[in-house]
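K.L.:
Just passing along the structure, written as structure tokens.
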Amino acid sequence: MMNIIDIKDWGLGLSEHVLIAGPCSAESPQQIETIAKGLKGSPVELFRAGVWKPRTRPGSFEGVGAEALEWLQIAKDILNVPVTVEVAKTQHVEAALKAGVDVLWIGARTTVNPFSVQEICEALKGTDIPVMVKNPINPDLQLWLGAFERLNKVGIKKVAGIHRGFSDPYEKRYRNKPEWSLPIHLKRMIPGISVICDPSHIAGAREIIGAVSQRAINFGLDGLMIETHHDPDKAWSDAKQQIKPDTLKIIYESLIFRENVDEHPEMLNELEQFRQKIDLLDTQLLELFAERFKVIEQVGDYKREHNLAVYQPSRWEEVMESRIQDGLRKNMTEKFMKSLLFAIHEESVKKQEAQLKETRPLTNA
Ligand code: PEP
Ligand code: MN
């Protein structure tokens, strides 16, 4: 069991719907000042700026470096909020701590590497600075979880996650495809942890930042980190996905925050009736599945007796086609139908393969 202190109790005045904003990269003291002034009057609670930038290929802007840490004080003075930067190695941590940075974050390209995460943890020993951990670039919950465990082992309890999507070469719509089930799993595995969404790195394009933010809220995520720049097109990194402070204000105002039903006993009562119906339907569904698998077993016996292949492509195609059509008529999406059918089929094939290896005498086939 991990021992964690949630964002609201970091002593930095952060709320349960924390908004983190600021540029992808710190570029100059003037840039920090202009952006901070633009953010005045917005609900920003934590100011971000990348000082060391992990770039996929060398030659692009790799951040101003430690010198830029001092500029963050400008944002602190203007906005009266704490500041956060990304760290990836010992020198970053040491410089950030020395400069009085309030919160650190570990980037997606660092979370994938346990050596780097461990190095950061060693440098953090003896401090209690809050650390936010972005998900690794691949959807590996264990790696993400491992980073929190390493932090906890060196005594860092003030932690939060950031969902920034996952790299997927086939994905067209997003720069980094969101996988909403992962932050939900993480919240289940580390009770009490906040997971913030970074719609900027998920979207990769400023036009869909608002839509991704709303989805994050709908999935119960705890806040947003949005890259903000006074002149986004001229930003030195991630130009396409940055938005102006005024746009951030408009997006934020348009968001609909949903309340947690646990805080409304009267609604909980009404919901309970629907939930009981769902529980019953789920039991019936499982009974039907179990029955279906029994028939599958009989088919398996028949195939074993007649030396037939477990996988019969023509039958499978016919099943897929007819069930998908049926599902569509009943208002279910093709994507849902396909994943459901694939899961059923995979389980059936596995069962029949196991049967082929059995020596049990054939019964009714
Ligand atoms: C960033 O926040 O600017 C950044 C580099 O993000 P990520 O680690 O999610 O790619
Ligand atoms: Mn960025």
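K.L.:
Could you please find all residues in the range 167-193 being over 25 Å from I4 (Cβ atoms) and either surrounded by fewer than 21 Cβ atoms within 10 Å (Cβ to Cβ) or modelled with pLDDT under 95 (or both)?
P.N.:
Listed by number, the residues that qualify are S167, D168, P169, Y170, E171, K172, R173, Y174, R175, K177.
K.L.:
Within the range 154-171, count every residue that is hydroxyl-bearing (S, T, Y) and within 16 Å of ligand 2 (Cβ to nearest atom).
P.N.:
Final tally of qualifying residues: 1.
K.L.:
Let me ask something else about it. From the set of residues in the range 106-135 that are within 21 Å of the chain's Cα centre (by Cα) and surrounded by fewer than 17 Cβ atoms within 10 Å (Cβ to Cβ), which is farthest from ligand 2 (Cβ to nearest atom)?
P.N.:
P114
K.L.:
While we're here: Could you please tell me which pairs satisfy a Cβ distance under 9 Å, a separation of 6+ or placement on different chains, a first residue in the range 1-30 that is among the polar types (S, T, N, Q) and within 16 Å of ligand 2 (Cβ to nearest atom), and a second residue that is modelled with pLDDT of 95 or more and assigned to a strand (DSSP E or B)?
P.N.:
From residues that are among the polar types (S, T, N, Q) and within 16 Å of ligand 2 (Cβ to nearest atom), the pairs are S25/G50.
K.L.:
Turning to a different aspect of this structure: Run down I243, I196, I208 and say which single residue is buried (at least 24 other Cβ atoms within 10 Å of the Cβ) and within 16 Å of ligand 2 (Cβ to nearest atom).
P.N.:
I196
K.L.:
Here is a follow-up. Those residues that are more than 23 Å from the chain's Cα centre (by Cα) and exposed (fewer than 14 other Cβ atoms within 10 Å of the Cβ), I need them from the range 1-59; list them, please.
P.N.:
G11, G13, S28, Q30, K40, G41, R57, P58, G59
K.L.:
In addition: Name the one entry in T111, T127 that is closer than 21 Å to V154 by Cβ, at pLDDT 95 or above, within 13 Å of ligand 1 (Cβ to nearest atom) and touching a Leu at 6+ places or on another chain (Cβ under 8 Å).
P.N.:
The unique qualifying residue is T111.
K.L.:
If you take the residues in the range 84-103 that are open to solvent by less than 10 Å² (accessible area, probe 1.4 Å) and within 16 Å of ligand 2 (Cβ to nearest atom), which one is farthest from S42 (Cα to Cα)?
P.N.:
V87
K.L.:
Another question about this same structure. Suppose we filter R55, R48 for residues that are under 20 Å from I129 (Cα atoms) and in contact (Cβ under 8 Å) with a residue 12 or more places away in the chain; which single one remains?
P.N.:
After applying the criteria, what remains is R48.
K.L.:
Report the residue count in the range 1-42 for those that are in contact with a His (Cβ under 6 Å, 6 or more places away or on another chain) and of a type outside the set (V, I, T). Full working, then the answer.
P.N.:
Filtering the range 1-42 down to residues in contact with a His (Cβ under 6 Å, 6 or more places away or on another chain) leaves 23, 34-35, 38.
Imposing the further condition that a residue be of a type outside the set (V, I, T) reduces the set to 23, 38.
Matching residues across the range 1-42 total 2.
K.L.:
Look at the range 211-227 and say how many of its residues are outside any loop (DSSP other than H, G, I, E, B) and either within 11 Å of ligand 2 (Cβ to nearest atom) or among the aliphatic types (A, V, I, L, M) (or both).
P.N.:
Residues in the range 211-227 being outside any loop (DSSP other than H, G, I, E, B) and either within 11 Å of ligand 2 (Cβ to nearest atom) or among the aliphatic types (A, V, I, L, M) (or both): 8 in total.
K.L.:
Please verify whether the range 291-313 includes one or more residues that are open to solvent by less than 90 Å² (accessible area, probe 1.4 Å) and of a type in the set (S, T, N, Q).
P.N.:
yes
K.L.:
For the range 161-199, which positions are in contact with a strand residue (DSSP E or B) (Cβ under 8 Å, 6 or more places away or on another chain), part of a helix (DSSP H, G or I) and hydrophobic (A, V, I, L, M, F, W, C)?
P.N.:
L182, L186
The values are calculated or read from the model by the stated rules, or taken from the named source; none is laboratory data. Bear in mind that the values here come from a model prediction, so they are computed numbers and not experimental data. Ideal geometry is used to build each Cβ from the backbone, glycine not excepted, and the neighbour counts take in all protein chains shown. Side chains are part of the model used for accessible areas, which takes the heavy atoms of the whole protein and leaves out ligands, DNA and RNA. Shrake-Rupley method; radii C 1.70, N 1.55, O 1.52, S 1.80 Å.
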